[in-house]
Structures are given as C-alpha cells and as structure tokens.
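Visitor: One structure coming up, written as structure tokens, with questions to follow.
The values are calculated or read from the model by the stated rules, or taken from the named source; none is laboratory data. Keep in mind it's a predicted model, so treat the numbers as computed, not measured. Glycine gets a Cβ as well: all are built from the backbone with ideal geometry, and neighbour counts include every protein chain shown. SASA here: full protein model, heavy atoms, side chains in, ligands and nucleic acids out. Shrake-Rupley method; radii C 1.70, N 1.55, O 1.52, S 1.80 Å.
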Amino acid sequence: MNRSPSPQPPPRSSGPADGSAPAGIEPLPSGPTLAIETREGREHLVVAVGGPVDYHTSPQLLGHLMSQEVRSVPLVVLDLSHVAFCDSSALGAFVEVLRQREEDGRRFALVGLQPEVRRVMELTRLVDVLPLHPTVADALAEG
C-alpha cells in the first residue's frame, strides 16, 4: 500500500503565542501615530501636535515631551491647535508632563485647544490645573 507523505505543519513562530513581542522587545504601536513638530526658541520649545491624542498616540507624545533634550528647556509650549480629540490617556500624559516639569523647576503650557478638547478639560476640571493659553504668543508673554 502506497501512502502519500502527510503534510508538514507550518513553521512555528519563535515569539509568544498571543502575538505579543518577545521579552525585551517593545511592540510597534498599533493604530495612528502623531505628527509632532518642534520649533526651538531662545528659552523655549514649541511642540506642535497633529492628530488625535489617545491611548495609541499618547505614549509617543509623552516619550517626546519627557526626552532629555526637551526636559532641559525652561519652557515647553504644547500647541494643540491641530488636535480635535483627546482621551483620558492624553489628559494623564499632560498632567504627568506638568508634574515632572514643575518638579524640575521648569514650565509647561498648552495652547490652541479646539472646542472638543477644551470641553473634555472643562468636564475633568483640568482647566483649573493645566496652564492653558489661547496662543503661543500668550504663553510666551506670561514668561
């Protein structure tokens, strides 16, 4: 009796079965990423953000704002004029940056809040905590 060879199983992946990255390797972010543009001034940085700041993108923004080169600047102005949406993880990131900068004796300001973003900050009462300004010029004038 002639038997045909049984099919071989597909090769196994060396990563974990649940699809997560192997230990020690950070997975690539899923979902959208932010457009981040940094403009340097004499004693400040303006960090302009474009896109939604949410669970997927707030780690990217937080990583940028907490980087050594940004942390050493006396004033960081976060321009949100091109951000139409932010969620609770974004709000947490803003508060964390403020806390860290104040601890380091540095300043932080947010400008250009779109109506929906302002509404979220009003509902959470972060308008009483975060330094908010209408424009970059207003934030720089305060300093």
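Visitor: Counting only protein heavy atoms, what percent of the accessible surface of region 35-143 is carbon or sulfur at a 1.4 Å probe?
Guide: After summing per-atom areas, the C and S share lands at 52 percent.
Visitor: Applying a 10 Å radius around every beta-carbon, put 71-82, 34-45 in order of their mean neighbour count, most first.
Guide: Highest mean packing first, the order is 71-82, 34-45.
Visitor: Would you kindly derive the ³J(HN,Hα) couplings of region 60-65 from the backbone phi angles with the Karplus curve 6.51 cos²θ - 1.76 cosθ + 1.60 (θ = phi - 60°), listing them in order in whole Hz, with x for Gly and Pro?
Guide: Computed from phi, the couplings for region 60-65 are 5, 5, 4, x, 5, 5 Hz.
Visitor: In addition: Return the sequence-ordered ³J(HN,Hα) values of region 42-49 in whole Hz as given by the Karplus equation 6.51 cos²θ - 1.76 cosθ + 1.60 applied to θ = phi - 60°, using x for Gly and Pro.
Guide: 5, 10, 8, 10, 10, 10, 8, 10
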